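Below is one structure, written out as structure tokens; comments come after it.
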Amino acid sequence: MTTPVFLLVLIAAITHAAWNFAARKADGNLVAVWLGLWLGCAFVLPGVVGILVYRGFPVTVPAQALICIFATGLIHAAYFRLLAAGYEHGEISLVYPIARGSGIALTAILATVFFKEEFALFGSIGVCLVSAGIISLSVAAERKANRVKAITLALSIGATIVAYSLVDKVGVGYTNPVVYVWFMFLISAICLTPSVVRRYRGTLGQIGRQYFGYAMVIGVGSIATYLMILFAFTMGRVGHIVAVREFAVALGALAGIIFLKESFTIPKAMAIITIVVGIICIKVS
């Protein structure tokens, strides 16, 4: 992996950990996540308008790009809905590692099948180490009464991550990443609107004001993160990129320990070290 791509993905990992921490601080409230999607759309809208004006009208979008945009929008709607539920029922040190780690190896395997990506020895070792470290981190997490539900939700989130990673690797090859991610967030926000309005009828405004700060971090952080990942997809291997971005899991675990007062144990420390070593292996591959 080249240094520019590596640094871009590491920065994306930091912003990803930050907005997931905000989502957990908001107790996984669906309104905060939904409002964040709309704020993310507003944040990127000037860039989208600028690109469209620069290209001139009418703008033609390849059919392949439209298919990928609608597919990833629906998948991301499910992802954000499951993420909110996961943080509602489980700690970040349990949900986050399982959700992010469960799809790494599968994404790498599918990338070799669909995109003919080849993995060097160190790259393969790195992917395995990152996956093992993340799974170990989830095992080392605190156990609560609703652990089974939290793990089930986390695994479901992981499945959506595999799906949208592969779709977006294809889609970003047909259109500008800024335009792509804006439509993706817009479709996700629209899809979540009916369930949000139905569930929070009468209290939507009050809850929105209560969680507005968290929603801003979730929206701007998530869309900025994914923009960086989409640009990275145009320059590197999806299997490596998905693995390196999971450095966010180590950062999320540290944030849980430092700010949420979750326990710090030797198994957690070893899991974090394993993730870091795996990322180093990917970088040198």
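Observations, loosely collected:
- Residue within region 17-34 that is surrounded by fewer than 19 Cβ atoms within 10 Å (Cβ to Cβ) and at negative phi present: no
- Residues in region 74-95 that are modelled with pLDDT under 75, of a type outside the set (A, V, I, L, M) and crowded, with 23+ Cβ neighbours inside 10 Å: Ser93 alone.
- Test: residue in region 186-203 that is in contact (Cβ under 8 Å) with a residue 12 or more places away in the chain and within 15 Å of the chain's Cα centre (by Cα): yes
- Condition broken by Glu88, with the remaining ones in (1) over 25 Å from Val178 (Cα atoms); (2) touching a helix residue (DSSP H, G or I) at 6+ places or on another chain (Cβ under 7 Å); (3) not aliphatic (A, V, I, L, M) satisfied: (2)
- Residue selected from region 107-126 under the condition at pLDDT 75 or above and either polar (S, T, N, Q) or surrounded by 22 or more Cβ atoms within 10 Å (Cβ to Cβ) (or both), by the criterion nearest to the chain's Cα centre (by Cα): Gly126
- Ile151 vs. criteria of a type in the set (Val, Ile, Thr), modelled with pLDDT of 70 or more and in contact with a Lys or Arg (Cβ under 8 Å, 6 or more places away or on another chain): no
- Members of region 202-248 that are crowded, with 23+ Cβ neighbours inside 10 Å and among the basic types (Lys, Arg): Arg237, Arg245
- Taking the conditions (1) closer than 17 Å to Leu10 by Cα; (2) in a helix (DSSP H, G or I); (3) of a type in the set (A, V, I, L, M) in turn, Ile258 satisfies each one other than (1).
The values are calculated or read from the model by the stated rules, or taken from the named source; none is laboratory data. Computed from a predicted model, the values in this text were never measured in an experiment. Glycine also receives a Cβ, built like all others from the backbone with ideal geometry; neighbour counts cover every protein chain displayed.
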